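Quick notes on the structure that follows.
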Amino acid sequence: MFNDIGALELVTLVVLAVLVFGPDKLPKVIQDVTRTIRKIREFSDSAKQDIRQELGPEFKDFEFEDLNPKTFLRKQLDNDELGLKEIRNGFDLKKEMAEVTDAVHGRDAEPSSSGSSSSGSGGGRIDMSKKPETPGKTDKPGDDRPPFDMDAT
């Protein structure tokens, strides 16, 4: 619970507690706080047991920590039944980003040895480089592009 509190922060909290409560009342306050925390834990454990009993025997292995989305996703992604580790290990983000950057800047990149860059039926690379505009094209009323409209922006 307090894994991220350093020594200096702990000393600061102790000094602050002594200043606020005084050295004579501090032991009583600490006892009251620990008693309250203990009661809250007992209440929480009894509530969990009651919920498990109400759910029945099919939910006896149910863990309340699984209701946390991070814990649930971590357990599901660590499970190797889906083969996600192979997919994760086979995906090289730096290489993919370098290929996209090269395609945007119009540079020739080395051909992909894995063949994972295309999922279409053609199997070829997608040309993402900028094409030069066709010469002689002007902004006339008959153009494909609509005229600029200040009110639309």
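The values are calculated or read from the model by the stated rules, or taken from the named source; none is laboratory data. Keep in mind the model is a prediction, meaning the values are calculated, not measured. Protein only, heavy atoms only, side chains kept; ligands, DNA and RNA dropped before computing areas. Shrake-Rupley method; radii C 1.70, N 1.55, O 1.52, S 1.80 Å.
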Ignoring ligands and nucleic acids, residue 29 exposes an accessible area, probe 1.4 Å, in Å² to the nearest 10, of 40 Å²
Please report the accessible area of residue 59 (heavy atoms, 1.4 Å probe, ligands and nucleic acids excluded) in Å², nearest 10. 90 Å²
Heads up, I need the accessible area for residue 42: 1.4 angstrom probe, whole protein in place, Å², nearest 10. 110 Å²
Starting from the Cα gyration tensor of the range 5-69, take the square roots of the eigenvalues, sort them a ≥ b ≥ c, and report rounded, prolate or oblate (rounded when a/c is under 1.5, otherwise prolate if a/b is larger than b/c, else oblate). oblate
Cα-Cα over 31 Å, subset of 28/60; 28/70; 48/75: 28/60; 28/70
